[in-house]
Amino acid sequence: MILITNNCQDISFDEAVIYRAALAALASHNAEACEVSILLTDDAEVQALNRQYRNVDAPTDVLAFAMREGSDKELNSHLLGDLVLSIPTARCQATENDHSLELELAYLTVHGMLHLLGYDHQTAEEEAEMFERQEAILRLI
């Protein structure tokens with residue numbers, strides 16, 4: 001199940017793109033039965049969450065809060081986690097990269113979903129694997 005909450009109604013975009021991107025990431029890992037929530041919000045809320053949970057006092061494009069990490073990871077194995085996307089930051093990045101907001105949101109959703117699924121990009125090898133999977137999923141949608 002994918003639950004999307006849009007707290008950023010002042011910017012127009014096709015929310016279905018986010019749903020399709022999340023579903024494609026789940027399907028690519030045979031994880032369609034997992035639950036994920038996606039919050040679409042503004043820079044101020046993302047900055048507050050980033051400060052509270054990562055000790056980084058700045059907005060960012062996407063935050064991923066995995067439920068399959070730590071000592072309680074086995075309690076609810078069907079709960080994958082939560083994504084938080086900054087719509088204003090995504091819009092700025094779309095403009096900078098000369099593509100649509102929907103494409104940027106699909107990219108950020110897949111990127112965040114891969115973090116929830118256990119991927120990271122701390123090393124060159126991890127980054128190569130994660131970005132290869134990311135591009136493969138984006139090609140599907």
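Which GluC sites (Glu not before Pro) in the stretch 36-141 sit in a loop by DSSP (not H, G, I, E or B) and have at most 10 other Cβ atoms within 10 Å of their own Cβ? Intermediate values should be presented prior to the final figure.
Numbers: sites: Glu45, Glu69, Glu74, Glu96, Glu102, Glu104, Glu125, Glu126, Glu127, Glu129, Glu132, Glu135; in loops: Glu69, Glu74.
Qualifying residues, ordered by number: Glu74.
Scan (i) 12, 42, 38, 7, 0; (ii) 11, 28, 30, 22, 8, 1, 0; (iii) 11, 38, 34, 14, 4, 0 for the value of P(r) over Cα pairs in 10 Å bins from 0, in percent calculated from this model and give just the label.
(i)
Please name whichever of Val17, Gln93, Ile4 sits farthest to the positive end of the charge dipole of the stretch 2-140, dipole taken about the Cα centre and charges placed at Cβ: Lys and Arg +1, Asp and Glu -1.
Ile4
So what's the back-of-envelope 222 nm ellipticity for the chain, counting only DSSP H runs of four-plus at -39500 (n - 2.57) apiece and dividing by all residues, rounded to 500? Spell out each step's value before the answer.
Working: 5 runs with 67 residues, N = 141.
The per-residue figure over the chain is -15000 deg cm²/dmol.
Counting pairs of alpha carbon atoms under 8 Å apart in space and at least six apart in sequence, what relative contact order in percent does the stretch 17-141 give? Before the final figure, lay out each step's value.
Working: 187 pairs, mean separation 37.4, N = 125.
Once divided by the residue count of the stretch 17-141, the mean separation gives 30 percent.
Given a 10 angstrom Cα cut-off, can you work out which residue in Arg91, Arg54, Arg20 is the most mobile in a GNM of the chain?
Arg54
All of the numbers you see were taken from the coordinates with simple rules; none came from a lab. Source: prediction; values computed, not measured. FYI the Cβ positions are ideal-geometry reconstructions off the backbone, even for glycines, and counts take in every protein chain you see.
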